[in-house]
Amino acid sequence: NNHEPAVVWLTGLSGSGKSTIANIVESKLHTLGVRTYLLDGDNVRHGLNSNLGFSAADREENIRRVGEVAKLFADSGMIVLASFISPFRKDRALVRGIHQQAGLPFIEIFIDTPLSVCEQRDSKQLYAKARRGEIKDFTGISSPYEVPTEAEIHLNNGPSPQEQAQIVLDYLELHGILEK
């Protein structure tokens, strides 16, 4: 494949820019001939995890299943971009462990965007609905987000999504995932 397999796990609040950055990274990787697969809440919640809700147990199972699917794709030689809020440290640690046991690189990226900015970006008005009590257990409002303590990359809100994507690509090259 001219690249190593890996899982790049993007975590942060809803509206933080996870999917935007993941899509830019995937597009740039494709121009380099890198085999990728992008997993995000939209393409997983409507199929594989359609039977899960948003309770703590269901969120845990959602992330576990996604971690196992990501491992399968990475095991086939792909670079997997997984874009999930994944609000709890223990769930992210579980997924990291799944990949470490399989000998597959796992790169956690924390998209650190302030709640106020995420709310401004919210075209579906999910935050407003959560603040009105119409959505229960909404991360950042009525359910906690546990900031990562082991993230390999910490992206702040300042740089553009293109610049943030380049930071990810530079990391992959520096750590031997991509050929120089």
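The values are calculated or read from the model by the stated rules, or taken from the named source; none is laboratory data. Remember, predicted model here, so these are calculated numbers, not experimental data. All Cβ positions, glycine included, derive from the backbone under ideal geometry; neighbour counts span all protein chains shown. With ligands, DNA and RNA removed, areas are computed over all heavy atoms of the protein, side chains included. Shrake-Rupley method; radii C 1.70, N 1.55, O 1.52, S 1.80 Å.
In nm, what is the difference between 0.36 nm times the number of residues separating Asn1 and Leu115 and their Cα-Cα distance?
Details: separation 114, 0.36 × 114 = 41.04 nm, distance 3.90 nm.
Contour length minus Cα-Cα distance gives 37.1 nm.
How would you classify segment 1-102 from its alpha-carbon gyration tensor, with a ≥ b ≥ c the square roots of the eigenvalues: rounded for a/c under 1.5, else prolate if a/b is greater than b/c, otherwise oblate?
Details: a/c = 1.88, a/b = 1.43, b/c = 1.32.
Here segment 1-102 falls in the prolate category.
Past 25 Å, Cα to Cα: identify those pairs from Lys18/Lys129; Lys18/Lys136; Lys90/Lys124; Lys71/Lys124, in the order given.
Details: Lys18/Lys129 21 Å; Lys18/Lys136 22 Å; Lys90/Lys124 29 Å; Lys71/Lys124 31 Å.
Checking Cα-Cα distances, Lys90/Lys124; Lys71/Lys124 exceed 25 Å.
What's the angle, to the nearest 10 degrees (0 to 90), between helix 56-75's Cα axis and the longest principal axis of the chain?
With rounding to tens, the tilt is 10 degrees.
Which length gain, in nm to one decimal place, applies between Lys28 and Asn156 when the Cα-Cα distance is subtracted from 0.36 nm times their residue separation? Spell out each step's value before the answer.
Working: separation 128, 0.36 × 128 = 46.08 nm, distance 2.06 nm.
Full-extension gain reported as 44.0 nm.
At 1.4 Å probe radius, can you tell me the per residue accessible area of segment 65-173 in Å²?
Values: 5340 Å² over 109 residues.
Solvent-accessible surface per residue comes out at 49 Å².
Counting Lys +1, Arg +1, Asp -1, Glu -1, what net charge surrounds Pro159 among other residues with beta carbon under 14 Å of its beta carbon? Walk me through the intermediate numbers first.
Details: positive: none; negative: Asp112, Glu163, Asp170.
Once all neighbours under 14 Å are counted, the net charge is -3.
Give me a comma-separated list of calculated 3J(HN,Hα) values for segment 4-11, in order, Karplus coefficients 6.51, -1.76, 1.60 applied at θ = phi - 60°, integers in Hz, x for any Gly or Pro.
Coupling constants for segment 4-11: 8, x, 6, 10, 10, 9, 9, 10 Hz.
For helix 89-101, report the angle its Cα long axis makes with the longest principal axis of the Cα atoms of the chain; keep it between 0 and 90° and round to the nearest 10°.
Long axis of 89-101 versus the principal axis of the chain: about 20 degrees.
With the Cα gyration tensor of segment 110-180 giving a ≥ b ≥ c as the square roots of its eigenvalues, does the rule (a/c under 1.5 for rounded; else a/b larger than b/c for prolate; else oblate) give rounded, prolate or oblate?
Since a/c reaches 1.5 and a/b is larger than b/c, the shape of segment 110-180 is classed as prolate.
Would you please give the residues with an amide H less than 5 Å from that of Ser143, counting only those at least 5 places away or on a separate chain, with H modeled from the backbone geometry?
Phe138
For helix 161-174, what angle does its Cα long axis make with the longest principal axis of the chain, in degrees from 0 to 90 and rounded to 10?
So the inclination is approximately 40 degrees.
Pop out the carbon and sulfur fraction of the accessible area of the chain as a percent, whole number, probe 1.4 Å. Show your work: numbers first, answer last.
Working: 4440 of 8870 Å².
After summing per-atom areas, the C and S share lands at 50 percent.
For Ala82, list long-range residues whose amide hydrogen, built 1.01 Å from N in the peptide plane, is under 5 Å from its own amide hydrogen.
For Ala82, whose amide H was placed from the backbone, the distant partners under 5 Å are Val8, Trp9, Leu10, Leu39.
Give the distance, in whole Å, between the Cα centre of segment 24-58 and the Cα centre of segment 72-132.
Value for the Cα centre distance between the two parts: 10 Å.
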